[in-house]
Every structure is written in structure tokens, then in C-alpha cells.
Amino acid sequence: MTPDLEKTIVETAYARWAPIYDAVCGPVMVKGRRAAAAAARSVGGKILEVGVGTGLSFDDYDNTTEITGIDMSAPMLEKARARMATGRYPFVRQVLQMDAHRMTFADATFDCVVAQFVITLVENPEQVLSECHRVVKPGGRIILVNHLYSEVGVAAAVERWAAQRTRALGLRPEFPFARLQAWAQSNENAILVERRKVAPFGIYTLVCFERAASPLAA
């Protein structure tokens, strides 16, 4: 298992990705992106998208939602703001340059937090999850979509082989679900409510946590 990605690696990688991100990653990630947005729309209300990037997901939301996006990459956010300037997305309230490890939002601000293809790439995944949990309202949901480590078989071997070779690209193919599960188990107010492969090929996994309205009984 490779170490978590350093912030500087990710910042450098996504500054390079920004000019071609939509063309290269848009088609590859479309199924996972739409699955996460659909789950968020079912919650509705104020939605925070962590790692909003170039705003590719804006098309997947509608006027039943109010979107705030954050990202640490200025070049990616420049493209997101250009999308907003078209006037096609009145439900996107704002996009901000912000580190997800230390969000400036007040506690219990959002009805839902979405992180698409993000949690495996951050410097401290557990800290980011805890921040997502802090800013979501009791009864609200944290929705993640990512490729997660296959753990066994040929796919797992390929992911381990690729892990070191793709770090400079800001990728991490061998991040296990067990870390997400362990985080939830260590937080009595975080409930795992869904874990499912995204059709048609099951490359991505959607994981959903709910912030309990009150501490769970011991």
C-alpha cells in the first residue's frame, strides 16, 4: 500500500490536468459522477461539492439544489467560474478555493456533501471525512464515488503495480474501502447507509454515510 498523496503532488498534477481535464476525464468518469449527483439530488437542499474541479458536475444538478463547490486548484476553479459565467447554472451559488482538510464553513451548514473522485487523493482522507461530517447537518449525507482497491485477484495486482507509477499524475488506484469503514466505525455519529458498484462496469463504487441526528446508543 502506497502512502497517502502529498498536497504538493496533487496541486502540481491538477494544474497540469486543468487544460485537458474535461476532454480526458469527463467521459471516463461520467457514470460515477452522475450516480453521485443523483444520490445528492435525492437529498436536495444545500449541497457542498468537495473537489468541484472544472465544474463538470454542474450539468448533473438542477434547481432543486443549491451548490457550493470547493477545490484547492486555482486553474481548475478558473474553468468552473467560466462555466458559471454562461448563466446556465443559477443553482450554483459559489465556488471557492479551499483546503478540504480545514474548511471555513460553520458546523452543520449543508444538507449533503459530495466528493467525487477525491477522497483517495487527499493528504489525510480521514481528516477530510471528519470535516465533511462536521459541515453536514444531522440527518444529512456524505456521498463519495471513487475507484476503490480491488483487494484480490489480477485487478488488485495491476492496481498495486500502477500505484507508484501514477502518483505524479495525482492518481491512487489502490485505496481500500476498509479505511472508509474504519473511519465510520471510529465515529459514533457516522452511519454507513450504502455501498454499491456503479453500473455498467462496476469500476467505481458509491459510498454513502449519514450523520446521525443524535449519538447512537452504545
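Every number in this text was worked out from the coordinates using simple rules, so none of it is lab data. Keep in mind that what you see is a predicted model, and the values were worked out from it rather than measured. A quick note on method: Cβ atoms are made from the backbone with ideal geometry, for glycine too, and the neighbour counts reach across all protein chains shown.
Annotations
- Neighbour counts of other Cβ atoms within 10 Å put T104, T120 in the fewest-to-most order T104, T120.
- By the beta-carbon count within 10 Å of each Cβ, the least crowded to most crowded order of D107, D59, fewest first, is D107, D59.
- Full-stretch length increase - Q181, E78 - with 0.36 nm per residue and alpha-carbon distance subtracted: 33.6 nm
- Each of I142, I70 was scored by other Cβ atoms within 10 Å of its Cβ. Arranged with the fewest first, they read I70, I142.
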